[in-house]
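**Q** Input: one structure, supplied below.
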Amino acid sequence: MTETTPAPAGGGPSLKRAIGRRTLLLFVVGDILGAGIYALVGKVAQDVGGAIWVPFLAAFLLAALTATAYAELVGKYPRTAGAALYVHQAFGVPFVTFLVAFAVLMSGITSAGAAARAFGGRYLAEFVTLPALAGALLFLGLITIVNFAGISESVRVNVVLTIIEAFGLLVIIALGGYALLTGEGEPGRALEFHPATGALLGVLGGTALAFYALLGFEDSVNLAEEAKEPQRDYPVALFGGLAVTALIYLAVAFAATMLVDTRTLVTSSGPLLEVVEAAGLSFPPKLFALIALLAVGNTALINMLMASRLVYGMAAERIIPRLFGVVHPTRRTPWVAILFTVAIAAALVSSGDVSQLADTTVLLLLLVFALVNIAVLVLRRDRVAHRHYRAPSWAPVLGAAACLVLASPVVGRDASVYLRAGVLLAIGVVLWFANRFAVRAAARPAPRR
């Protein structure tokens, strides 16, 4: 029997339950695939050496641990809002709930910044020669125009973009398979670790960065209210989607390190294009560059759309100043929120490279994931009437511990990443207290004359 969610607080109709298991699976795969694998293969190699596949495997195992917490919480509370809802249910501290929501918001902006940096690099250079920063800022400008125009992507467009992104990665896998069969390339490089960092530290640092490529699985919780049977279908779709993308990423990582030497991967801003050009089969580099640009561009666009709407939603709920909820009179888009998010993205793009911005995204979400893993254990005391998936207790415990380890300086993360994340969260703290001051000031009675 299909579970139903309670009606909204306002008494209106609930969301239509129309999403089945296959659609959920496709959404998870499509949300994970994107800029990360296209941009960061070389940066992971810089940490670990030729054994690029090892950090991607470790990142998958970490994501799977945290996914068990999300699977249980979605089945228990099949509503949208994600991590902020779960943390609020567990701890009931509005300020902590806000910080979680704001960290998720800022992770979207830093992710878009990383994608913009990737867009302005080697892939764009196949068509036009521009400084990387200029290309990234130009790309952000184009995204802002699209965002301001109010374009909403249909399910069909998302499916097409997912297919394009997956096709590009399948091309890399096919090239790697052909090279392996014909005896080309050097598969032995897949077992080489960076001599300076060694296996352990190299894998830790590489995993912290490779985790960026697996982000997106957590966004699927926002479809909980529209899934036909979230208690049954969501765990299957979540773990299945993670497994599919992990297999693709491992194959891509192996093909990359086999066909291209580590030094070239490390120094290239378009590492997968290096694989295409080094392969024995002929595949048009410009076509692959276009595929990569679409994948990277889609990641940035989705994140900026999400970020601006989250800012608008917070303003509408009076969580941050109402100024951020102003809507343009003709375009009907939240133009103040759009300008706010793109201004932060532009500052980030100007202050960091792809790996630093990706690492900032990972750091913010690792802190969120640690709280979600703890929340699922705290909420075991809250019983619900319906059946749902229950994570083995060791999984969220290990998930929280792993998140905290990867968020710590032990992985060799650059100090600028911590500074950048701290500044972004500080912006949220300022907005929180500015809004509280404004609300209290508005509530004060007018002085008598």
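**Q** How would M306, M106 rank on accessible area, largest to smallest, probe 1.4 Å?
**A** M306, M106
**Q** Hey, another quick one. Using a cut-off of 14 Å between beta-carbons, work out the net charge of the residues near L357 (Lys and Arg +1, Asp and Glu -1, L357 not included).
**A** Within the 14 Å Cβ shell, the charges total +1.
**Q** I would also like to ask the following. Among 33-41, 322-330, how do they line up from the highest to the lowest mean number of other beta-carbon atoms within 10 Å?
**A** 33-41, 322-330
**Q** Pull out the extension gain between R318 and A438, defined as 0.36 nm times the separation in residues minus the alpha carbon to alpha carbon distance; nm, one decimal.
**A** 42.2 nm
**Q** Could you tell me the relative contact order of the chain? Use alpha-carbon pairs under 8 Å, at least six residues apart, and round to a whole percent.
**A** Across the chain, relative contact order equals 33 percent.
**Q** Further, regarding this structure: May I ask for the net charge around M314, where only other residues with Cβ less than 14 Å from the Cβ of M314 are counted and Lys, Arg are +1 while Asp, Glu are -1?
**A** +3
**Q** Towards the positive end of the charge dipole of the chain, with charges on Cβ (+1 Lys, Arg; -1 Asp, Glu), say which of A337, I320, P78 has the farthest Cα.
**A** Comparing the listed Cα positions along the dipole, I320 ranks first.
**Q** Taking Rg and Dmax of the Cα atoms in Å as the quantity of interest, determine which of (i) 22.0, 92; (ii) 22.2, 84; (iii) 22.8, 66 was computed from the displayed structure.
**A** This structure yields the entry labelled (i).
**Q** For S408 and A343, compute 0.36 nm times the residue count separating them, minus their Cα-Cα distance, and round to one decimal in nm.
**A** 20.6 nm
**Q** Please state the shape class of segment 225-301: rounded when a/c is under 1.5, otherwise prolate if a/b exceeds b/c and oblate if not, all from the C-alpha gyration tensor.
**A** prolate
**Q** Additional query: Give, as a single signed number, the net charge of other residues whose beta carbon lies under 11 Å from the beta carbon of A292, with Lys and Arg counted +1 and Asp and Glu -1.
**A** 0
**Q** Using Cα-Cα distances under 8 Å and only pairs 6 or more residues apart, what relative contact order does segment 329-449 have, in percent?
**A** That works out to 31 percent.
The values are calculated or read from the model by the stated rules, or taken from the named source; none is laboratory data. Worth saying up front: this structure is predicted, and the values here are computed from it rather than measured. Glycine also receives a Cβ, built like all others from the backbone with ideal geometry; neighbour counts cover every protein chain displayed. Surface accessibility is based on the protein's heavy atoms, side chains included, excluding ligands, DNA and RNA. Shrake-Rupley method; radii C 1.70, N 1.55, O 1.52, S 1.80 Å.
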